[in-house]
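This report concerns only the one structure given below.
The values are calculated or read from the model by the stated rules, or taken from the named source; none is laboratory data. Values in this document were obtained by computation on a predicted structure and should not be read as measured data. No Cβ is skipped: glycine too gets one built from the backbone with ideal geometry, and neighbour counts run over all protein chains shown. Surface accessibility is based on the protein's heavy atoms, side chains included, excluding ligands, DNA and RNA. Shrake-Rupley method; radii C 1.70, N 1.55, O 1.52, S 1.80 Å.
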Amino acid sequence: MTAREEAERLLVVDDEATVRELLAATLRFAGFRVTSAATAADAIASATADPPDLVLLDVMLPDMDGFEVVRQLREHRTPVLFLTARDRQADKITGLSLGADDYVTKPFDLEELIARIRAVLRRTAGHHDGILTVGPLALDTEGHQVTRHGRPVRVSATEFRLLRHLMENAGRVVSKAQILDRVWHYDFGGDASIVDTYISYLRRKVDGEEPKLIHTVHGVGYVMREPRP
């Protein structure tokens, strides 16, 4: 296990003490630092004051559902993995559309859960120091600059927001509804065709050469990823 994995901190949010204790013990044994919360209010306060590397979040909490917790944590861009007994497809779609990085239902296999946690942490590990990178593409969130192979690429403000969202979710398929909500703030309203239009703009500007990074997943949405070897 690497030093980075040992240093990563997880926040476990579940109102059942036995679940919190089991997860905390298992995850500490796996090398993570773990804190916990039993309510949504405590989770939001903890994640805001000292953002963890990942939140493991139950949907059914006594004071507020986990979906609302994700909405309130949006501005902090805290990675979230739902861990819940709510196994309906509609709940999964809601959780992922709100921006959760994964959705695992109870009962769960502990080894699989740890693998999923590490997968999310790998995807979100490049979000530090204001620089996002995917292959030869780099985006400076603070300097508002985009480069490919070190060469500057001029993009509009909307194209920048869309590209940033794709890069922050690199390796994960994002739906048109999620893109509309995060980039245009339509709260799932508006004309979804605008997403296709701006994806086309971005492809011409930042993806006009190999390797191609922006991929269409038909019937689902878009994903940014490096080509497989």
Would you check which residues across segment 119-134 are at pLDDT below 85 and either in contact with a helix residue (DSSP H, G or I) (Cβ under 6 Å, 6 or more places away or on another chain) or open to solvent by less than 60 Å² (accessible area, probe 1.4 Å) (or both) and list them? Ala119, Val120, Leu121, Thr124, Ala125, Gly126, Gly130
Sort out which residues of segment 26-39 are at pLDDT 95 or above and over 16 Å from Asp50 (Cα atoms), and write them in order of number. Ala38, Thr39
Any idea how many residues of segment 52-66 are open to solvent by 10 Å² or more (accessible area, probe 1.4 Å), touching a strand residue (DSSP E or B) at 6+ places or on another chain (Cβ under 9 Å) and either among the hydroxyl-bearing types (Ser, Thr, Tyr) or over 15 Å from Arg9 (Cβ atoms) (or both)? 2
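Within segment 12-36, track down each residue that is assigned to a strand (DSSP E or B) and open to solvent by 30 Å² or more (accessible area, probe 1.4 Å).
If the condition is that a residue be assigned to a strand (DSSP E or B) and open to solvent by 30 Å² or more (accessible area, probe 1.4 Å), then Arg33, Thr35, Ser36 are the ones that fit.
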Could you list, in sequence order, all residues of segment 71-102 that are open to solvent by less than 10 Å² (accessible area, probe 1.4 Å) and either of a type in the set (A, V, I, L, M, F, W, C) or free of Cβ contacts under 8 Å to residues at least 12 places away in the same chain (or both)? Leu73, Val80, Leu81, Phe82, Leu83, Leu98, Ala100
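A quick yes/no check of all residues on (1) farther than 23 Å from Lys92 by Cα; (2) open to solvent by 30 Å² or more (accessible area, probe 1.4 Å); (3) more than 21 Å from the chain's Cα centre (by Cα):
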position: Leu139; (1), (2), (3): yes, no, no
position: Glu142; (1), (2), (3): yes, yes, no
position: Glu168; (1), (2), (3): no, no, no
position: Val174; (1), (2), (3): no, no, no
position: His215; (1), (2), (3): no, yes, no
Assuming Leu162 fulfils every condition listed in (1) of a type outside the set (Phe, Trp, Tyr); (2) at positive phi; (3) modelled with pLDDT of 90 or more apart from one, which condition is it? (2)
